[in-house]
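Written out below as structure tokens is the structure these notes cover.
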Amino acid sequence: MSKIEVKNLSMIYGGVPEKALEMIEKGFSNDQIRKQTKQVVGIKNVSFSVDEGEIFVIMGLSGSGKSTLLRCINGLNKPSAGSIIIDNKDISRVNSQELRAIRRKKMSMVFQRFALLPHRTVRDNVAYGLEVQEMDREERYEKVMSVLTMVGLDAWADYYPANLSGGMQQRVGIARALATDPDILLMDEPFGALDPLIRQDMQDELIEIQKKLHKTIVFITHDLDEALKIGDRIALMKDGEIVQMGQPEDILFSPTNEYVARFVENVDRSKALTASSVMVKPRSVVYPKDGPRVALHVMERFGMSGLFVTDRNGVLMGYVLADDAGRISDTGERQLDSIILKDVPSVAPDTSLANILEVIAHTQIPVAVVDEKNNLKGVLVRGSVIAGLAGQRREA
């Protein structure tokens, strides 16, 4: 279900945007519009939707229009054309009082430069939005401490921003945004001012917070690795337009034009891709009661030296080797129980390739990809992983 819908949005900087909008409809370029009308195109006929609970990343180089777009969503910029619909209400058409109410209750902003009040303690910085809502002091501070605990800063409640590192200050900014319990988080390059290692930690922390809270997040960045790591979907912008939109794997494997291809050519695929994006479906599995002869027949048919064993519901039980199946077949055993290897390598579907490579390198059997209920969802073999790292899709 869509939480945010942006429809045919354009933002023109200048006193007479009508002529520029007319030229946009006729397909003129931004340079042509600027030269003929003296108007500057910030956003050009952009449309997209963000599902409830989704992290939607908008990325692009400086001047691409990504921050202008975010400022339209939170009402700081009034669009020249189009609509921004949040929970079935077009916020580009509401009056200032209604807009303030939406900002107070439905959305919060996290800035790149922290924007903390230096004369306030961490506790009072986080409580600021609740003060604006006129929440009772005792209730306000109780909620603040709950949020500070979530971001690991409860012990720093009485300190001032100057006493905190950059990463800690940004966690205060996130806590302040979460304290009002908004439906939507707008994050404008929130980790851009942090050192690389701290930035990675903050990305991980955001992912963990999202697992608990399931907020709708619009996240702005110019860093493709960051976008690929945290985004459920990515919109890549250039010159005020979205040039490609899709899931991270779509951007990596199927760039729509040369601009996108150049953008992704140097990305670290081992960090960007996950097990689910490079796994293949198991050609076949066996069940414990199938017996060694059935297992050997299946292995011979598919040219394999081993098979995964699951129960009838698809839950992974282990792996059997051809040599072991041949040995017990000669003794007349009719079930596989005695030769099932139960300690087999397995990973979750969202495990990054960077965390899988060492496992792949040192195991003699394929790596199982299993869900939270231990159901076998796919198999990682060296060929599929190498193909993924090389930027190729490997079909099951």
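The values are calculated or read from the model by the stated rules, or taken from the named source; none is laboratory data. None of the values given here were measured: they were computed from a predicted structure. FYI the Cβ positions are ideal-geometry reconstructions off the backbone, even for glycines, and counts take in every protein chain you see.
Taking the criterion of being surrounded by 14 or more Cβ atoms within 10 Å (Cβ to Cβ) and polar (S, T, N, Q), the residues of region 33-50 that qualify are Thr37, Gln39, Asn45, Ser49. A single member of Lys26, Lys44, Lys38 is of a type in the set (D, E, K, R), touching a strand residue (DSSP E or B) at 6+ places or on another chain (Cβ under 7 Å) and either in contact (Cβ under 8 Å) with a residue 12 or more places away in the chain or farther than 30 Å from Lys212 by Cβ (or both), and it is Lys44. Scanning region 354-368 for residues that are out of contact with any Lys or Arg (no Cβ under 7 Å at 6 or more places or on another chain) and aliphatic (A, V, I, L, M) returns Ile356, Leu357, Val359, Ala361, Ile365, Val367, Ala368. Surrounded by fewer than 16 Cβ atoms within 10 Å (Cβ to Cβ) and either in contact with a helix residue (DSSP H, G or I) (Cβ under 8 Å, 6 or more places away or on another chain) or at negative phi (or both), is that true of Ala325? Criteria not met by Ala325.
Filtered by the rule that a residue be among the small types (Gly, Ala, Ser) and either part of a strand (DSSP E or B) or surrounded by fewer than 12 Cβ atoms within 10 Å (Cβ to Cβ) (or both), region 1-28 gives Ser2, Ser10, Gly15, Gly27. Within region 186-202, being buried (at least 18 other Cβ atoms within 10 Å of the Cβ) and either touching a Ser or Thr at 6+ places or on another chain (Cβ under 6 Å) or not hydrophobic (A, V, I, L, M, F, W, C) (or both) holds for Asp188, Glu189, Pro190, Arg199.
On inspection, Ile251 does not qualify as closer than 30 Å to Ser10 by Cβ, among the aliphatic types (A, V, I, L, M) and assigned to a strand (DSSP E or B). A search for C-beta distances below 7 Å between a residue of region 284-313 that is without any contact (Cβ under 8 Å) to a residue 12 or more places away in the chain and more than 15 Å from Lys377 (Cα to Cα) and any residue that is aliphatic (A, V, I, L, M) and surrounded by 18 or more Cβ atoms within 10 Å (Cβ to Cβ), counting only pairs 6+ apart in sequence or on different chains, returns Val294/Val286. With surrounded by 19 or more Cβ atoms within 10 Å (Cβ to Cβ) and either part of a helix (DSSP H, G or I) or of a type outside the set (Val, Ile, Thr) (or both) as the only criterion, which of Gly53, Gly75, Gly63 stands out? After applying the criteria, what remains is Gly75. When the test is whether a residue is under 24 Å from the mean Cα position of the chain (by Cα), modelled with pLDDT under 95 and assigned to a helix (DSSP H, G or I), Arg103 passes it. If you check Lys89 against the conditions, is it closer than 21 Å to Lys229 by Cβ and not hydroxyl-bearing (Ser, Thr, Tyr)? Against the criterion (closer than 21 Å to Lys229 by Cβ and not hydroxyl-bearing (Ser, Thr, Tyr)), Lys89 does not qualify.
Residue pairs whose Cβ atoms lie under 9 Å apart, sitting 6 or more positions apart in sequence or on different chains, and linking a residue in region 103-124 that is surrounded by fewer than 17 Cβ atoms within 10 Å (Cβ to Cβ) to a partner that is assigned to a loop (DSSP other than H, G, I, E, B) and of a type in the set (Val, Ile, Thr), are Arg104/Thr180; Lys105/Thr180.
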